[in-house]
1. If you take just the helices (runs of 4 or more DSSP H) that sit entirely in region 1-102, which of them hold at least 2 residues that are within 17 Å of Phe130 (Cα to Cα)?
2. Count, please, the residues in region 117-162 that happen to be touching a residue at least 60 places away in the same chain (Cβ under 8 Å), touching a helix residue (DSSP H, G or I) at 6+ places or on another chain (Cβ under 6 Å) and either assigned to a loop (DSSP other than H, G, I, E, B) or not aromatic (Phe, Trp, Tyr) (or both).
3. Please verify whether region 128-150 includes one or more residues that are of a type in the set (A, V, I, L, M), closer than 26 Å to Ser79 by Cβ, at pLDDT 95 or above and more than 14 Å from the chain's Cα centre (by Cα).
4. Could you tell me whether any residue of region 44-54 is modelled with pLDDT of 95 or more and of a type in the set (A, V, I, L, M, F, W, C)?
5. Which residue pairs have Cβ atoms under 8 Å apart, sit 6 or more places apart or on different chains, and have a first residue in region 1-15 that is assigned by TED's automatic domain parsing to the domain that holds Tyr53 and a second that is of a type in the set (A, V, I, L, M, F, W, C) and surrounded by fewer than 17 Cβ atoms within 10 Å (Cβ to Cβ)?
6. Quick one: which residue in Val27, Val71, Val12 is of a type in the set (A, V, I, L, M) and surrounded by fewer than 16 Cβ atoms within 10 Å (Cβ to Cβ)?
7. Out of the residues in region 106-121 meeting the condition of being aromatic (Phe, Trp, Tyr) and closer than 15 Å to Phe133 by Cα, tell me which one is modelled with the highest pLDDT.
8. Being more than 21 Å from Glu127 (Cβ to Cβ) and either of a type in the set (A, V, I, L, M, F, W, C) or not in a helix (DSSP H, G or I) (or both) is the filter here; which residues of region 192-228 pass it?
Amino acid sequence: MTYLDFYLEQAVDPPEHIYDYLLGRGVTRKQISLFGIKYFDKILELKRGHVEYDNFKIWSSDGRLPKGKIVFPLRNSLSELIGFTLQDLKGFKTKFFLKTSEYEGLFFGLPQALPEIWKTEEVYLVEGPFDLFPVFRLFKNTLSILTTNISATQVLFLRRFVKRIFALLDNDKAGENGFVKLNKKLGSSHEIIKIPYLAKDPNDLWKKYGDFGFEKVIREKLERLILI
């Protein structure tokens with residue numbers, strides 16, 4: 001067991017009020033299980049003697065920071081736990097904690113998306129974890145990049161495994177800048193298609209239309225883009 005597994009084992013299955021919150025944010029019960037979403041209901045017991053102890057102690061405010069927050073596990077292509085990101089019920093996301101982040105192509109949802117990515121050599125990219133869930137129900141090759149500033153290791157992963165990228169980044173300045181950076185880094189070697197939509201982000205679009213309307217909007221946009 002790694003020290004990160006030690007911390008994640010202290011998390012519990014989401015209690016009913018957290019389930020209700022997640023369902024209201026577009027996450028299904030099946031997805032809660034599939035992506036291993038948990039909840040920290042208490043102050044964490046810290047694991048002394050590990051090389052990352054001091055870093056985690058500071059990041060977690062002596063174990064107090066995670067209490068009362070939803071935890072999204074971050075795993076690599078081998079499903080090994082490499083970190084997690086937290087979010088409270090007000091939607092405030094904390095900075096994620098990572099193990100050897102410089103060696104990992106960091107995405108949320110990587111093990112779940114990999115089979116379809118290998119099969120299609122395509123990927124759908126969104127920003128936040130909550131943006132991923134409604135898109136993943138349509139396209140199993142969906143990844144959350146967790147930020148608009150795509151990293152060098154994420155670029156290496158995309159360069160190696162995909163040929164076509166569909167971008168559904170947020171409709172704000174940061175999202176637009178993220179798409180420009182993505183195009184700059186991979187546009188010469190990959191087909192990059194930006195899917196336009198009238199909402200703040202994919203999760204907001206799902207809130208407006210629900211599953212049926214969300215799928216209708218996205219598929220219609222895709223059909224037009226691919227036919228052009």
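The values are calculated or read from the model by the stated rules, or taken from the named source; none is laboratory data. It should be emphasised that the depicted structure is a prediction, and the values quoted were computed from it without experimental measurement. Here the Cβ positions follow ideal geometry from the backbone for every residue, glycine too, while neighbour counts run over all protein chains shown.
1. 16-24, 29-34
2. The number of residues fulfilling the criteria is 5.
3. Yes, some residue in region 128-150 is of a type in the set (A, V, I, L, M), closer than 26 Å to Ser79 by Cβ, at pLDDT 95 or above and more than 14 Å from the chain's Cα centre (by Cα).
4. No, every residue in region 44-54 fails to be modelled with pLDDT of 95 or more and of a type in the set (A, V, I, L, M, F, W, C).
5. Matching pairs, first to second residue: Glu9/Met1.
6. None of the other options fit; the residue is Val12.
7. By that ranking, first place goes to Phe108.
8. Scanning region 192-228 gives Phe212, Ile226, Leu227, Ile228.
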